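*Asks:* Following this message is one structure expressed as structure tokens.
The values are calculated or read from the model by the stated rules, or taken from the named source; none is laboratory data. Keep in mind the model is a prediction, meaning the values are calculated, not measured. Note that we place each Cβ from the backbone using ideal geometry, even for glycine, and neighbour counts take in every protein chain shown. Heavy atoms of the whole protein, side chains included, go into the accessibility calculation; ligands, DNA and RNA do not. Shrake-Rupley method; radii C 1.70, N 1.55, O 1.52, S 1.80 Å.
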Amino acid sequence: MTMRGSCLCGSVTVRLPETEKSVNVCHCAMCRNWCSGPWMALQVPDAQISGDTLKVYKSSGFAERGFCTSCGSNIFHRPQLGPELAVSAGLFGEEGLELASEIFADRKPDFYDMTPAPIRKSSIRMALEWLPKLAWRLISRK
Ligand SMILES: [Zn+2]
Ligand SMILES: [Zn+2]
């Protein structure tokens, strides 16, 4: 079964080859700056994203983010090297979605709270997971 989502204005569409219900939440400062709150996303490496108003912004030395230039909806985040594509959960209907994990949980500011996810990862744990992976991709890049 496929899932289909779109931005607020409908110009950018996202198709998932399979149903994905696990919502992953990021509390990092960049995501909060990007969308004025925790970013909620589905990890979907095979998502097909299309639309004339899609723009990609290099948000850091290793990652890029896509958004709609017409309505401003946040569309995706992915590393420049690697397959880990995440798309905004809000592009899809909320039916069946489940809170699965929180990352950069220690960066969550005090002014909001949410039901704790089954998996919570701190910024140190994220660095330990990602730095070796990214370093290896950089040195093995052709
Ligand atoms: Zn749009
Ligand atoms: Zn983030």
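*Asks:* With 72, 82 as the choices, which residue is more than 18 Å from residue 35 (Cβ to Cβ), over 13 Å from the mean Cα position of the chain (by Cα) and touching a residue at least 24 places away in the same chain (Cβ under 8 Å)?
*Replies:* Numbers: 72 fails: more than 18 Å from residue 35 (Cβ to Cβ).
Among 72, 82, only 82 is more than 18 Å from residue 35 (Cβ to Cβ), over 13 Å from the mean Cα position of the chain (by Cα) and touching a residue at least 24 places away in the same chain (Cβ under 8 Å).
*Asks:* Sticking with this one: Limited to the stretch 129-142, what total is found for residues that are open to solvent by 50 Å² or more (accessible area, probe 1.4 Å) and within 19 Å of the chain's Cα centre (by Cα)?
*Replies:* Result for the stretch 129-142: 4.
*Asks:* Any residue at all in the stretch 90-110 that is open to solvent by less than 40 Å² (accessible area, probe 1.4 Å) and in a helix (DSSP H, G or I)?
*Replies:* yes
*Asks:* While we're looking at this one, here's another question. Quick check on the stretch 69-87: of everything there that is of a type outside the set (Gly, Ala, Ser) and in a strand (DSSP E or B), which residue is nearest to ligand 1 (Cβ to nearest atom)? If you could, list the steps in order and put the result at the bottom.
*Replies:* Residues of the stretch 69-87 that are of a type outside the set (Gly, Ala, Ser), as a first pass: 69, 71, 74-81, 83-85, 87.
Remaining after also requiring in a strand (DSSP E or B): 74-79, 87.
On the way: 74: 10, 75: 8, 76: 13, 77: 17, 78: 19, 79: 24, 87: 14 Å.
Among them, the one singled out is 75.
*Asks:* Continuing with the same structure: When you scan the stretch 1-68 for strands (runs of 3 or more DSSP E) that lie fully inside it, which ones turn up with 3 or more residues that are surrounded by 15 or more Cβ atoms within 10 Å (Cβ to Cβ) and in contact (Cβ under 8 Å) with a residue 12 or more places away in the chain?
*Replies:* Numbers: elements: 3-6, 13-16, 22-26, 39-43, 48-50, 54-58, 63-68.
The qualifying strands (runs of 3 or more DSSP E) are 3-6, 13-16, 22-26, 39-43, 63-68.
*Asks:* Something else now. Please find, among 117, 127, the residue that is among the aliphatic types (A, V, I, L, M) and under 21 Å from residue 34 (Cα atoms). So that I can check it myself, show each step before the final result.
*Replies:* Values: 117 fails: under 21 Å from residue 34 (Cα atoms).
Just a single option satisfies the conditions, and that option is 127.
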